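Q: I have a structure here, written as structure tokens, and I will follow up with some questions on it.
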Amino acid sequence: MTAEPAMHDDLTEDAFLGARVTLLQPRHGPRAGLDAVFLAAACPVDPSAAARCLDAGAGVGTVSMCLAHRAPKAVITGVEIDAQLAAIFTRNALANGVESRVSVIEGDLTQPFKLLEEKRLRANSFDHVLSNPPFFTSGSVRAPLNTAVERAHVSQEGELDLWFRFFAACAAPKGTLTVIHHAQALPDLLKAADGRFGGLCIFPLFPREGAPAIRVLIQGEKGSRAPISIQSGMILHDASGAFTPEAKAILRDGASLSLT
């Protein structure tokens, strides 16, 4: 008998979207939060359409489960390198009752695409691609003690371009890409998108009024030659530190977020 990954006392069960979605997460591993919920909210999927969506670097499936709640006809595929996180993803799909249309492929998206094709990932087939790539490059921050956390948050130099190569390989013609990242990475994101995705919309997220953006959402269309647009973005907290009504609607009520 094959041993299952250790997933008992090492997990927590957490509620998202006002408890409309519940997720198991590693207690000491990579933890999902605001970024994943905003990324899922920003996907321009038609809730009435049976769209094919890809969650690249899916972790335990936070983006996938939140998106599945918003788009009840969407078919969502996650790609995740970590075997334990992929196993938790599958458990979360079952727990949220979406296992018939939400699944995960275990694999490394920076490797040659043919290795993922062998696992039934189809090129040029996804209407919407979503991702929250690692925020930091190796050497720029102290490496976390937890290997899974390091893999989720720290990439090797030049790896972001490999992620965008993967996004472009997966997206259908005129398919969309939506990415969330820290705001300082915007120049690298634009460079990686160049020649792959156009009509880029840049949507900053500000912690409070008057503060610099901490996150940026970017969205584009495969093969588009349309120009870049910069939106006014969203303020997340009011003067008291509470979430603004707009942010609360996304985080607690499952509202969608149009970036344009």
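The values are calculated or read from the model by the stated rules, or taken from the named source; none is laboratory data. Since the model is a prediction, treat every value here as computed from it, not as a measurement. With ligands, DNA and RNA removed, areas are computed over all heavy atoms of the protein, side chains included. Shrake-Rupley method; radii C 1.70, N 1.55, O 1.52, S 1.80 Å.
Q: Antiparallel versus total DSSP beta bridges in the range 154-260: what percent is that, nearest 5?
A: Percent antiparallel among DSSP bridges in the range 154-260 is about 80.
Q: If you don't mind, there's one more thing I want to ask. Could you state the number of Å between the C-alpha centres of the range 12-55 and the range 88-102?
A: 12
Q: Oh, and also: Let me make sure I get this right: for the range 4-107, a, b and c are the square roots of the gyration tensor eigenvalues over alpha carbons, sorted descending. Under 1.5 in a/c it's rounded, otherwise prolate if a/b > b/c, else oblate. Which is it?
A: The shape class here is prolate.
Q: Now a separate question. Accessible surface of residue 10 in the full protein assembly, 1.4 angstrom probe, to the nearest 10 Å²?
A: 80
Q: Let me check against my output: what whole-number percent is the relative contact order of the chain, with C-alpha pairs under 8 Å and at least 6 apart?
A: 18
Q: By how many nm would the segment from residue 237 to residue 118 grow when fully extended, if each residue of separation counts as 0.36 nm and the alpha-carbon distance is taken off?
A: Working it through step by step, the gained length comes to 38.3 nm.
Q: In deg cm²/dmol and to the nearest 500, what is the mean residue ellipticity at 222 nm of the chain if only DSSP H runs of at least 4 residues count, each as -39500 (n - 2.57), divided by the residue total?
A: When only DSSP H runs of four or more count, the value is -7500 deg cm²/dmol.
Q: If you don't mind, another one. How do 178, 90 stack up against each other in accessible area, from largest to smallest, with a 1.4 angstrom probe?
A: 90, 178
Q: Ordering 229, 100 by how much accessible area each has at a 1.4 Å probe, largest first, what is the list?
A: 100, 229
Q: When a/c reaches 1.5 or more, the comparison of a/b and b/c decides; with that in mind, is the chain rounded, prolate or oblate per its Cα gyration tensor?
A: rounded
Q: May I pose another question? Calculate how many DSSP beta bridges within the chain are antiparallel, expressed in % of all such bridges and rounded to the nearest 5.
A: Percent antiparallel among DSSP bridges in the chain is about 45.
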